[in-house]
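Okay, so here's the structure we're looking at.
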Amino acid sequence: MTTPRHRPTAGGALRARLRLTEPAVRAATAALWDAPGLALRYPEYLRLMHGVVRASVPLMERAAARCARLAGPAGPDPVAKPLARYLAGHIEEERGHDDWLAADLAALGHDPREALGRPPPPAVAALVGAQYYWIEHHHPVALLGYIAVLEGNAPAPWLADRVVRDTGVPAAALRTVRAHAALDTGHSDALHALLDALDLTPGQVDTVTVSALFTVDALLRLFGTLTRTPRSGAPHGPPATAGGTP
């Protein structure tokens, strides 16, 4: 007698797929945080992450608005209402985080208005822009893949102290790194629980996965604009990881 196979949950399946990307993410974050010249890279890191993070609340608001349309009487969608409830709560949790990045820049002695007034590079537009397309032209559930990647790669709790020690960057300029090291693990667990609870179709599970894998690739390209030179081999010590979070 054979034992029936249990289909993995949507959250579990996504975690399994993302584990396959961990070596590439570790190498990219090691190149960002471990290579010489971090004190010079760090202000640009803040500027680029501001470009990502300031889009977080507008992205979720756009997705919530699309959920409202999908949940209407013309075509009720069983995923739309619970997804909208999650987004409403997460919007308030993430509101103002772009201001933290601006304050970090100011603590470094940079004028945030000048630094943030420059157009974000194409790598930022590609990372964020794909989500707008999928929200409007496919299904807002795609945004969960994006959130899963960014919040699943939170900075390590020890990273901020090490940056201060090794580079002389003032501790006041690392508020965002410290905050997301504390916040994002809980956010990531809540998101995967939501994925398991939603009545997703196989196609919607695929949508979340495609969005997540694209986000990993786009995030690696974004980090590449900071490091320029690829770094081969495994990083030394535990991974720092450094995702921004929506």
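Observations on the structure shown:
- Residues of segment 1-17 that are closer than 23 Å to Leu195 by Cβ and either modelled with pLDDT of 95 or more or polar (S, T, N, Q) (or both): Thr9 alone.
- Matching entry among Leu116, Leu87, Leu83 (being out of contact with any Cys (no Cβ under 9 Å at 6 or more places or on another chain), in a helix (DSSP H, G or I) and open to solvent by less than 40 Å² (accessible area, probe 1.4 Å)): Leu116
- If you check Ala154, Ala126, Ala103, Ala160 for being of a type in the set (A, V, I, L, M, F, W, C) and either buried (at least 23 other Cβ atoms within 10 Å of the Cβ) or not in a helix (DSSP H, G or I) (or both), only one passes: Ala154.
- Only one of Arg15, Arg62, Arg47 that is farther than 20 Å from Gly96 by Cα and either assigned to a helix (DSSP H, G or I) or open to solvent by 60 Å² or more (accessible area, probe 1.4 Å) (or both): Arg15
- When Val169, Val149, Val141 are checked against the criterion of being crowded, with 19+ Cβ neighbours inside 10 Å and in a loop (DSSP other than H, G, I, E, B), a single residue qualifies: Val169.
- Reported count of residues in segment 69-80, each being surrounded by fewer than 15 Cβ atoms within 10 Å (Cβ to Cβ) and without any contact (Cβ under 8 Å) to a residue 40 or more places away in the chain, is 6.
The values are calculated or read from the model by the stated rules, or taken from the named source; none is laboratory data. From a predicted model like this one, the values you see are computed outputs, not experimental measurements. So basically every Cβ, Gly included, is an ideal-geometry build from the backbone, and we count neighbours across all protein chains shown. The accessibility values were calculated without ligands, DNA or RNA, using every heavy atom of the protein model including side chains. Shrake-Rupley method; radii C 1.70, N 1.55, O 1.52, S 1.80 Å.
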